[in-house]
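Novice: Dumping the structure here so I can ask a few things about it.
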Amino acid sequence: ADSGFLAGGDGLGFLSIWDLAGPSVAHQTRLHQGAITGLRNDTSSNVVFTTSEDSYVALFDVAVQTVVQRARPPSCTCGDGVMNTVLEVGPGGGSSRMLFVGGADGKLRMWTSDDHGLRRQCAVPCGAMQPAQCQLATDGWRLAVGTTPANSLLCGGNPGPGGVHLLDVRKMGGDGRSSVVAEYMSRGVGGGLDLNEIGALDVPSGVVDMTLLEERGDTFAVCLVDGMVSFFNLDAAGGDLKPSVEFDAVAEVGEGACRPPHYPCAIATAWPFVFTASTAPSLEVWKRPDGERGGRSAALALRSRCLPLRTWSGGRPETGPRG
C-alpha cells in the first residue's frame, strides 16, 4: 500500500490496484495463469513485483499500467515448470534489484532485475522444504525464510518438516548452502513431534506465518510454527536457531480443547503489540509489559479478543465468547 492505494493478487492470477479513498478498484489486469503467490511493491519506482504458480516473475509499472519485465526459468533448467510459492525484493542500486523467489521443489532462487531484464542467478536448496515466508531485514543482507514440507514429487524424496532458516544474501552463489547462517527445524510431521499427541496431525508442519520485528537494536523473526508463537533472535543466531520465546496463544484463550483443535494461522506485530488470528476464527491482540524488550520473556498479556457474530435460531445476533 502507498499513497492511498493497495495492491492485491488473487487465485486466478489477477493483480488489482485499489483506491482506498473510494474504496474502488482503480486498475485490474491478469498477469499470471495461476494463483499469485508473492507480491511486493517498490514505492521509489512505482513498480509492483509478482510471482505465481505458473513459474513466472513479473514487474508491473503502475503508472503506465503495463508489464515492463516478465521471465520464467528457461526450458529444462532449474525451476522450469515449478510452482513459485513466495517472493521478497531486496535492495539494489539504481535500476538493479535482487528478488528472492521460493519454489515448491524446496529451493529459494535469487533473480536480478536491471536494464537488461530479469535473470536467475542461483538457487539455495532448503532441504526438501518449500519456502512459504520470506522477509529481508533492514540491514539488507539477513534473509529470514520460513518453510513447510516440499512437494515430494518435485523434491525427489521425502519432504522435510519445515522450519526457520537465516541466510546471508552476500554469500549466495555456487551450491547456495554457504549462505545458510542458522536453521531451526519444526517438530511437525517428520520432525520429531509425537503424532499420538492430541491434535498433532491437525496443526500444519513448518512455518504457517512469519513477520520480522526490529526493535531497540534487536531483530526477531516472529513465527507461527508447530502451533506456537515463537520469537527467534536473529542477532544471536549461529548454527542452530533457538526460540527465545514459545507462546501458546490458543491455549491461553481456551481454544485448545476444541475438536479438531484450533491453531494460530496469521501473525503481525506493531511493538509492543502482537496480533494473532486463529482458525476459530478469532483475532487476538497481545501486549508486552512496559519496558520489556522484544522476545526477552514469554510474558504476553491478552488485551482484546474478537470473534465474528453468530446468529441464534431466533435470528438475534450474538457475539462469540471472549477468552
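Novice: Using θ = phi - 60° and the Karplus relation 6.51 cos²θ - 1.76 cosθ + 1.60, list the HN-Hα couplings for the range 57-68 in order, rounded to whole Hz, with x at every Gly or Pro.
Specialist: 10, 9, 10, 10, 7, 5, 5, 9, 6, 8, 7, 9
Novice: Here is a further query. Determine the per residue accessible area of the range 1-60 with all protein chains present and a 1.4 angstrom probe, expressed in square angstrom.
Specialist: Values: 2820 Å² over 60 residues.
About 47 Å² of surface per residue is accessible.
Novice: Counting Lys and Arg as +1 and Asp and Glu as -1, each charge on the Cβ, what is the dipole of the range 51-101 about the Cα centre in debye, to the nearest 20? Please report the intermediate quantities before stating the final value.
Specialist: On the way: 3 positive and 5 negative charges, 30 e Å.
It comes to approximately 140 debye.
Novice: For the range 73-154, which whole-number percentage of the solvent-accessible area (1.4 Å probe, protein heavy atoms only) is attributable to carbon and sulfur atoms? Each step should come with its number before you reach the end.
Specialist: Numbers: 1590 of 3060 Å².
Here it works out to 52 percent.
Novice: Then there is this: Quick one: go through the range 72-111 and flag any residue whose amide nitrogen is under 14 Å from the point 7 Å out along the Cα-to-Cβ line of D42.
Specialist: Zone members listed by number: 88-100, 111.
Novice: Also, I was wondering about something else. Pop out the ³J(HN,Hα) list for the range 70-86 in order, Karplus 6.51 cos²θ - 1.76 cosθ + 1.60 with θ = phi - 60°, rounded to Hz; leave Gly and Pro as x.
Specialist: 7, 7, 9, x, x, 4, 6, 10, 4, x, 5, x, 8, 5, 7, 10, 6
Novice: Kindly write out, for the range 36-50 in residue order, the coupling ³J(HN,Hα) from the Karplus curve 6.51 cos²θ - 1.76 cosθ + 1.60 (θ = phi - 60°), rounded to whole Hz, with x marking Gly and Pro.
Specialist: Taking θ as phi minus 60°, the curve returns 6, 10, x, 8, 9, 10, 10, 5, 6, 10, 6, 10, 10, 9, 9 Hz for the range 36-50.
Novice: Using a Cα-Cα cut-off of under 30 Å, which lysines could be cross-linked to K287, ignoring same-chain neighbours fewer than 8 residues away?
Specialist: K242
Novice: Going by amide H atoms built from the backbone, whose H comes under 5 Å of the H on A237, apart from near neighbours?
Specialist: none
Novice: Using the Cα centre of the range 1-80 as the reference point, and only Cβ charges (+1 on K/R, -1 on D/E), how large is the resulting charge dipole? Debye, rounded to the nearest 20. Kindly include the intermediate steps, with their values, before the conclusion.
Specialist: Working: 4 positive and 8 negative charges, 22 e Å.
Charge dipole of the range 1-80: 100 debye, to the nearest 20.
Novice: Pull out the extension gain between A35 and F5, defined as 0.36 nm times the separation in residues minus the alpha carbon to alpha carbon distance; nm, one decimal. Present the calculation step by step, with values, prior to reporting the outcome.
Specialist: Working: separation 30, 0.36 × 30 = 10.80 nm, distance 2.14 nm.
Computed gain between A35 and F5 is 8.7 nm.
Novice: Another question about this same structure. Given the peptides 169-175, 68-74, arrange them by the average over their residues of other C-beta atoms within 10 Å, most packed first. Walk me through the intermediate numbers first.
Specialist: Details: 169-175: 14.3, 68-74: 16.1.
Order by mean packing, descending: 68-74, 169-175.
Novice: Further question: Collect residues whose amide H, placed 1.01 Å from N in the peptide plane, falls under 5 Å from the amide H of A132; neighbours closer than 5 in sequence don't count.
Specialist: Amide H neighbours of A132, under 5 Å, 5+ apart: G146, T147, T148.
Novice: Could you list which residues have their amide H under 5 Å from that of M83, counting only those 5 or more apart in sequence or on another chain, with H placed in the peptide plane?
Specialist: Those lying under 5 Å, H to H, from M83 are A104.
Novice: If you average the alpha carbon positions of the range 214-245 and of the range 60-84, how far apart do those two centres end up, in angstrom?
Specialist: 33 Å
The values are calculated or read from the model by the stated rules, or taken from the named source; none is laboratory data. Since the model is a prediction, treat every value here as computed from it, not as a measurement. Note that we place each Cβ from the backbone using ideal geometry, even for glycine, and neighbour counts take in every protein chain shown. SASA here: full protein model, heavy atoms, side chains in, ligands and nucleic acids out. Shrake-Rupley method; radii C 1.70, N 1.55, O 1.52, S 1.80 Å.
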